[in-house]
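Beneath this line is the structure, given in C-alpha coordinates, with notes to follow.
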Amino acid sequence: VAAEQMTGWDSEIARGLPLARVFSLFDDASRQDLETPVFHALRTGTVVKSARDCILRKRDSGRYTVQYSVSPLLNREEHALGVVIVLHDVTEKRTMARELSYQVTHDALTGLLNRREFEVRLSHALESAKIENEQHAICYLDLDQFKIINDTCGHIAGDALLKQLAQVLENRRELAVER
(Lines give C-alpha, C1' and ligand atoms only; values in the text may rest on other atoms or scores of the structure.)
Protein backbone atom coordinates (compact mmCIF):
# COMPACT_ATOMS: atom_id res chain seq x y z
CA VAL A 1 0.00 0.00 0.00
CA ALA A 2 2.81 2.43 0.83
CA ALA A 3 4.55 1.62 -2.46
CA GLU A 4 1.29 2.27 -4.33
CA GLN A 5 0.95 5.66 -2.65
CA MET A 6 4.55 6.71 -3.33
CA THR A 7 4.68 5.55 -6.94
CA GLY A 8 1.06 6.31 -7.79
CA TRP A 9 0.71 2.86 -9.38
CA ASP A 10 -1.93 0.35 -8.34
CA SER A 11 -0.17 -3.01 -7.97
CA GLU A 12 -2.59 -4.71 -10.38
CA ILE A 13 -1.89 -2.14 -13.10
CA ALA A 14 1.87 -2.10 -12.44
CA ARG A 15 2.23 -5.88 -12.60
CA GLY A 16 4.08 -6.81 -15.80
CA LEU A 17 5.20 -3.25 -16.61
CA PRO A 18 8.91 -2.47 -16.92
CA LEU A 19 10.29 -1.69 -13.47
CA ALA A 20 11.88 1.57 -14.63
CA ARG A 21 8.42 2.84 -15.57
CA VAL A 22 6.94 2.15 -12.14
CA PHE A 23 10.05 2.87 -10.07
CA SER A 24 11.41 5.95 -11.86
CA LEU A 25 14.29 7.72 -10.14
CA PHE A 26 16.31 10.72 -11.23
CA ASP A 27 19.08 12.80 -9.72
CA ASP A 28 17.75 16.01 -8.20
CA ALA A 29 20.81 18.09 -9.11
CA SER A 30 21.51 16.92 -12.66
CA ARG A 31 17.92 15.89 -13.58
CA GLN A 32 19.41 12.75 -15.16
CA ASP A 33 17.61 9.43 -14.87
CA LEU A 34 19.40 7.03 -12.54
CA GLU A 35 20.24 3.50 -13.53
CA THR A 36 17.65 1.57 -11.64
CA PRO A 37 19.34 0.48 -8.42
CA VAL A 38 17.26 -2.70 -8.51
CA PHE A 39 19.11 -3.92 -11.60
CA HIS A 40 22.46 -3.13 -9.98
CA ALA A 41 21.53 -5.03 -6.80
CA LEU A 42 20.33 -8.01 -8.84
CA ARG A 43 23.45 -7.97 -11.03
CA THR A 44 25.98 -7.63 -8.21
CA GLY A 45 24.14 -9.35 -5.37
CA THR A 46 25.00 -6.43 -3.10
CA VAL A 47 23.00 -3.81 -1.23
CA VAL A 48 22.64 -0.53 -3.12
CA LYS A 49 22.01 2.67 -1.18
CA SER A 50 21.47 6.17 -2.47
CA ALA A 51 24.54 8.35 -2.09
CA ARG A 52 22.35 11.47 -2.03
CA ASP A 53 18.73 12.48 -2.35
CA CYS A 54 16.88 11.37 -5.48
CA ILE A 55 13.51 12.16 -6.94
CA LEU A 56 10.94 9.40 -7.29
CA ARG A 57 8.49 10.23 -10.06
CA LYS A 58 4.90 9.37 -9.37
CA ARG A 59 2.57 8.14 -12.06
CA ASP A 60 0.55 11.39 -11.91
CA SER A 61 3.69 13.53 -12.40
CA GLY A 62 3.98 14.15 -8.69
CA ARG A 63 7.28 13.50 -6.99
CA TYR A 64 8.92 12.62 -3.73
CA THR A 65 12.43 13.36 -2.57
CA VAL A 66 13.71 10.01 -1.35
CA GLN A 67 16.68 8.06 -0.15
CA TYR A 68 16.64 4.37 -0.97
CA SER A 69 18.16 1.07 -0.08
CA VAL A 70 17.82 -1.98 -2.35
CA SER A 71 18.78 -5.33 -0.84
CA PRO A 72 18.97 -8.47 -2.96
CA LEU A 73 17.24 -11.66 -1.83
CA LEU A 74 19.81 -14.41 -2.43
CA ASN A 75 19.29 -18.17 -2.68
CA ARG A 76 21.75 -20.73 -1.26
CA GLU A 77 23.91 -20.42 -4.36
CA GLU A 78 24.11 -16.64 -3.80
CA HIS A 79 22.01 -15.88 -6.88
CA ALA A 80 19.62 -12.96 -6.56
CA LEU A 81 15.98 -14.01 -6.71
CA GLY A 82 14.50 -10.59 -6.06
CA VAL A 83 15.00 -7.46 -3.99
CA VAL A 84 13.60 -5.58 -1.04
CA ILE A 85 13.30 -1.84 -1.67
CA VAL A 86 13.18 0.57 1.24
CA LEU A 87 12.30 4.16 0.39
CA HIS A 88 12.68 6.93 2.92
CA ASP A 89 10.60 9.98 2.05
CA VAL A 90 12.67 13.08 2.87
CA THR A 91 10.48 15.52 0.92
CA GLU A 92 9.32 17.52 3.93
CA LYS A 93 12.78 17.55 5.48
CA ARG A 94 14.36 18.87 2.25
CA THR A 95 11.59 21.45 1.76
CA MET A 96 12.16 22.76 5.28
CA ALA A 97 15.94 22.85 4.70
CA ARG A 98 15.46 24.87 1.48
CA GLU A 99 13.11 27.27 3.27
CA LEU A 100 15.53 27.71 6.14
CA SER A 101 18.40 28.30 3.71
CA TYR A 102 16.31 30.91 1.89
CA GLN A 103 15.47 32.65 5.17
CA VAL A 104 19.15 32.77 6.15
CA THR A 105 20.20 34.35 2.83
CA HIS A 106 17.28 36.63 1.99
CA ASP A 107 15.61 39.66 3.51
CA ALA A 108 12.23 38.72 5.00
CA LEU A 109 10.51 41.89 3.77
CA THR A 110 11.78 42.21 0.19
CA GLY A 111 12.91 38.70 -0.67
CA LEU A 112 16.20 40.15 -1.95
CA LEU A 113 19.58 38.85 -0.85
CA ASN A 114 20.49 40.07 2.60
CA ARG A 115 23.75 41.88 3.35
CA ARG A 116 25.55 38.74 4.55
CA GLU A 117 24.70 36.72 1.43
CA PHE A 118 25.50 39.71 -0.80
CA GLU A 119 28.95 39.95 0.79
CA VAL A 120 29.52 36.18 0.34
CA ARG A 121 28.57 36.36 -3.35
CA LEU A 122 30.59 39.52 -3.89
CA SER A 123 33.61 37.80 -2.36
CA HIS A 124 33.16 34.80 -4.71
CA ALA A 125 32.81 37.14 -7.69
CA LEU A 126 36.00 39.01 -6.77
CA GLU A 127 37.85 35.73 -6.30
CA SER A 128 36.69 34.32 -9.65
CA ALA A 129 37.61 37.61 -11.34
CA LYS A 130 41.10 37.38 -9.90
CA ILE A 131 41.74 33.64 -10.31
CA GLU A 132 39.68 32.72 -13.39
CA ASN A 133 39.83 36.12 -15.11
CA GLU A 134 36.02 36.35 -15.16
CA GLN A 135 34.20 39.63 -15.50
CA HIS A 136 31.29 40.74 -13.34
CA ALA A 137 29.13 43.84 -13.00
CA ILE A 138 27.53 45.34 -9.94
CA CYS A 139 24.75 47.89 -9.71
CA TYR A 140 24.68 49.98 -6.56
CA LEU A 141 21.37 51.62 -5.69
CA ASP A 142 21.58 54.14 -2.86
CA LEU A 143 18.35 54.77 -0.97
CA ASP A 144 19.99 57.55 1.03
CA GLN A 145 16.85 59.66 1.41
CA PHE A 146 14.65 56.67 2.29
CA LYS A 147 14.44 57.77 5.94
CA ILE A 148 12.29 60.70 4.82
CA ILE A 149 9.61 58.32 3.51
CA ASN A 150 9.56 56.40 6.79
CA ASP A 151 9.45 59.62 8.82
CA THR A 152 6.73 61.35 6.77
CA CYS A 153 4.58 58.43 5.59
CA GLY A 154 5.28 55.80 8.23
CA HIS A 155 7.05 52.46 8.25
CA ILE A 156 4.15 50.63 6.61
CA ALA A 157 4.42 52.90 3.56
CA GLY A 158 8.21 52.57 3.59
CA ASP A 159 7.92 48.78 3.70
CA ALA A 160 5.42 48.82 0.84
CA LEU A 161 7.77 50.97 -1.24
CA LEU A 162 10.69 48.60 -0.54
CA LYS A 163 8.57 45.62 -1.60
CA GLN A 164 7.54 47.36 -4.83
CA LEU A 165 11.12 48.36 -5.58
CA ALA A 166 12.31 44.79 -4.95
CA GLN A 167 9.65 43.47 -7.33
CA VAL A 168 10.65 45.94 -10.05
CA LEU A 169 14.31 44.94 -9.66
CA GLU A 170 13.44 41.24 -9.75
CA ASN A 171 11.31 41.69 -12.88
CA ARG A 172 14.16 43.57 -14.58
CA ARG A 173 16.64 40.85 -13.57
CA GLU A 174 14.37 38.15 -15.06
CA LEU A 175 14.10 40.14 -18.32
CA ALA A 176 17.89 40.52 -18.47
CA VAL A 177 18.40 36.78 -17.88
CA GLU A 178 15.96 35.89 -20.68
CA ARG A 179 17.90 37.96 -23.22
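For the range 71-106, a tally of residues being more than 19 Å from ASP28 (Cα to Cα) and either in a helix (DSSP H, G or I) or of a type in the set (Ser, Thr, Tyr) (or both) returns 4. Per the conditions (1) open to solvent by less than 70 Å² (accessible area, probe 1.4 Å); (2) within 30 Å of the chain's Cα centre (by Cα), the sole criterion not satisfied by ILE131 is (1).
To keep it simple, each residue is scored yes or no on (1) among the hydrophobic types (A, V, I, L, M, F, W, C); (2) touching a strand residue (DSSP E or B) at 6+ places or on another chain (Cβ under 8 Å); (3) open to solvent by 30 Å² or more (accessible area, probe 1.4 Å).
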| site | (1), (2), (3) |
| --- | --- |
| VAL22 | yes, no, no |
| LEU25 | yes, yes, no |
| ARG31 | no, no, yes |
| VAL47 | yes, yes, yes |
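Within the bounds of the range 84-94, is there any residue that is open to solvent by 60 Å² or more (accessible area, probe 1.4 Å) and over 23 Å from the mean Cα position of the chain (by Cα)? Yes - at least one qualifying residue is present in the range 84-94.
Taken together, LEU56, LEU81, LEU109, LEU74 contain a single residue that is in contact with a helix residue (DSSP H, G or I) (Cβ under 7 Å, 6 or more places away or on another chain) and open to solvent by 40 Å² or more (accessible area, probe 1.4 Å), which is LEU109. Restricting the range 144-160 to residues that are exposed (fewer than 10 other Cβ atoms within 10 Å of the Cβ) and not acidic (Asp, Glu) leaves a set whose member that is farthest from VAL177 (Cα to Cα) is THR152. Evaluation of LEU141 against the conditions (1) assigned to a loop (DSSP other than H, G, I, E, B); (2) among the hydrophobic types (A, V, I, L, M, F, W, C); (3) open to solvent by 100 Å² or more (accessible area, probe 1.4 Å) shows that the sole unmet condition is (3). Selection of the range 161-171 for residues being aliphatic (A, V, I, L, M) and loosely packed, with under 13 Cβ neighbours inside 10 Å yields only VAL168.
The values are calculated or read from the model by the stated rules, or taken from the named source; none is laboratory data. Owing to the predicted nature of the structure, the values given are computational and were not obtained by experimental measurement. Note that we place each Cβ from the backbone using ideal geometry, even for glycine, and neighbour counts take in every protein chain shown. Only protein heavy atoms, including side chains, enter the accessible area calculation; ligands, DNA and RNA are left aside. Shrake-Rupley method; radii C 1.70, N 1.55, O 1.52, S 1.80 Å.
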